[in-house]
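*Asks:* Before I ask anything, here is the structure I am working with.
The numbers here are math on the coordinates, done by the rules we state, and not lab data. What you are looking at is a predicted structure, and each value in this text was computed from that prediction instead of being measured. As a convention, Cβ positions derive from the backbone with ideal geometry for all residues, glycine included, and neighbour counts pool all protein chains shown.
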Amino acid sequence: MFAVLSNRTYAALFSAQVIALVGTGLLTVALGLLAYDLAGARAGLVLGAAYTLKMVAYVGLSPVAQAVAQRLPRKAVLVGADAVRATVALCLPFVTEVWQVYVLIFVLQSASATFTPAFQATIPDVLPREEDYTRALSLSRLAYDLENLTSPALAGLLLTVMSYSWLFLGTVAGFAGSALLVAVAAVPRLAPGGDRRPFRERLVRGLRIYIRTPRLRGLLALNLAAAAAGAFVLVNTVVLVRAGYAGGERALAVAMAAFGAGSMSAALMLPRLLERVPDRRVMLAGAQGLAAATLLLGAALAVRGLPAWPVFLLVWAGTGFLYASVLTPAGRLLRRSSHPEDRPAVFAAQFALSHACWLVTYPLAGWTGQALGMDAALFALGAVALAGVVAARLLWPADLPRAPLHDHPDLPPDHPHLRAHRGQRRHAHVFVIDDEHRAWPTQG
């Protein structure tokens, strides 16, 4: 899997991703401590509002940013977004009011909503071979999981010798290092064509391609299933560990490490697995497992209470494995479903729609867990995950052909697309939604 790092451009971009993730991890810790300094016991409300603003920026601004950035050089967009994030992080140690935190976090996450989809859409152009791209997706998953494990430990180590305000400088260094690595990398230019479209069309094009492609409609349903199970883990693990098992911070770290270890195991296995097993089968199996595990744990809590601590850790590791099995192959579907010039728009649509799922499941996990109990929260989120699985099966048929037979009754006889197929209006080829193919064939 690591052989893909022999590509110098990808190695530079992957290093940029890792450094930025470490900076983001330090920011998470420092922001929590800053919120407590500013708001005391109300720090949870401040952080909750800040993370809600993050999701609003991701969902609402990502397509807009992509539509604007499509007429700008790709490298300039990436470096500029990192520069904005570094500047905001540099300002955070000097805030004195809660509203200033909200403004700065919204600006920072708006820059992330610009950077992340553009960065993700760049990797398929750097690694055109699908097997190499699959390895890159697994490495990206590993990077996220390792950051979740190492950044809190690094922050804890640094806090023994400095105040939390200095952690923001670590965030600045992370984003600045990312910008530098992107600047020296041979980032491919955007494919021509997309920048000539009107702004309104650029704004909705990614969403239109996404919604009209059956496998991507299925991906959206699978995103919902993964977000349902993942939201319970991220929101309520602390409650289960502290209140249910009477564990401390170390026990919480062990529980989250178990989830991360399961996710990393899946990332290591997936490149070889996806060479033999179709994406749909792997992703549906993972989503079905998530729904079943969530519902079964809810039933166990309702009937017998929490399982033994080692069993709980095994369940969390299995949940992490299934979670990564659903999310890691997503980039392969996006790459397969778009032309190079449309990839930034499609990746932005995925970024916005997937975070819209989290915008629903995060508050559902928190509210049901607090108001109705952990078993009720598991039942509610398990039901959402199961609904996602059923919808994915219906929206993404198992027998969906990659090259369906279809007609072009509306194209003139001398159209370049018809000429490429010897003038035959009825033909078959690998099908992607674009200007000549505005809807997926329903038959034939």
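*Asks:* Just to be sure I understand: if I project the alpha-carbon convex hull of the range 307-444 onto a plane and average over all orientations, what area do I get in nm²? Display every interim value, and only then the final one.
*Replies:* Values: hull surface 44.5 nm².
Hull-based average projected area comes out at 11.1 nm².
*Asks:* If we count every other residue with Cβ under 15 angstrom of residue 12's Cβ, Lys/Arg +1 and Asp/Glu -1, where does the sum land?
*Replies:* Values: positive: 8, 74, 75; negative: 82, 125.
So the surrounding residues net to +1.
*Asks:* Give me the percent of Cα-Cα pairs in the range 26-161 that sit more than 18 Å apart, rounded to a whole number.
*Replies:* 65
*Asks:* So, one more: For the chain, what does the helix formula give at 222 nm: sum of -39500 (n - 2.57) over DSSP H segments with n ≥ 4, over the residue count, nearest 500 deg cm²/dmol?
*Replies:* Helix contribution divided over all residues of the chain: -26000 deg cm²/dmol.
*Asks:* Now a separate question. With everything on Cα atoms, drop me the angle between helix 8-39 and the longest principal axis of the chain, reported from 0 to 90° to the nearest 10.
*Replies:* 40
*Asks:* Using only Cα atoms, locate the centre of the range 376-422 and the centre of the range 285-312, then give the distance between them in Å, rounded to an integer.
*Replies:* 32
*Asks:* Now for a different question. Order 311-318, 362-369 from most to least packed using the mean count of other Cβ atoms within 10 Å.
*Replies:* 362-369, 311-318
*Asks:* For residue 163 and residue 8 in one chain, what is 0.36 nm times their gap in residues minus the Cα-Cα distance, to one decimal in nm?
*Replies:* On the way: separation 155, 0.36 × 155 = 55.80 nm, distance 3.73 nm.
This chain segment gains 52.1 nm when fully extended.
*Asks:* Right, another one. How about the range 84-148: which GluC sites (Glu not before Pro) there lie in a loop by DSSP and see at most 12 other Cβ atoms within 10 Å?
*Replies:* Of the GluC sites (Glu not before Pro), the ones in loops of the range 84-148 whose Cβ has at most 12 other Cβ atoms within 10 Å are 97.
*Asks:* When a footprinting reagent is the concern and you count Cβ atoms within 10 Å, what order do 303, 282 take, fewest first?
*Replies:* The order, fewest Cβ neighbours first, is 303, 282.
*Asks:* Using the 2.2 N^0.38 Å rule of thumb for compact globular proteins, work out how the chain stacks up: its C-alpha Rg over that value, please. Working shown, then result.
*Replies:* Numbers: Rg = 22.5 Å, N = 444, 2.2 N^0.38 = 22.3 Å.
Computed over Cα atoms of the chain, the ratio equals 1.01.
*Asks:* Once each part is reduced to its C-alpha centroid, what is the distance from the range 186-243 to the range 132-149 in angstrom?
*Replies:* About 17 Å separates the Cα centre of the range 186-243 from the one of the range 132-149.
*Asks:* In degrees between 0 and 90, to the nearest 10, how far off the longest principal axis of the chain does helix 309-327 point, with axes built from Cα atoms?
*Replies:* Compared with the principal axis, the helix lies near 20 degrees.
*Asks:* Explain nothing, just compute: Karplus ³J(HN,Hα) = 6.51 cos²θ - 1.76 cosθ + 1.60, θ = phi - 60°, for every residue of the range 208-216 in order, whole Hz, x for Gly and Pro.
*Replies:* For the range 208-216, the Karplus curve yields 5, 4, 4, 5, 8, 9, x, 5, 7 Hz.
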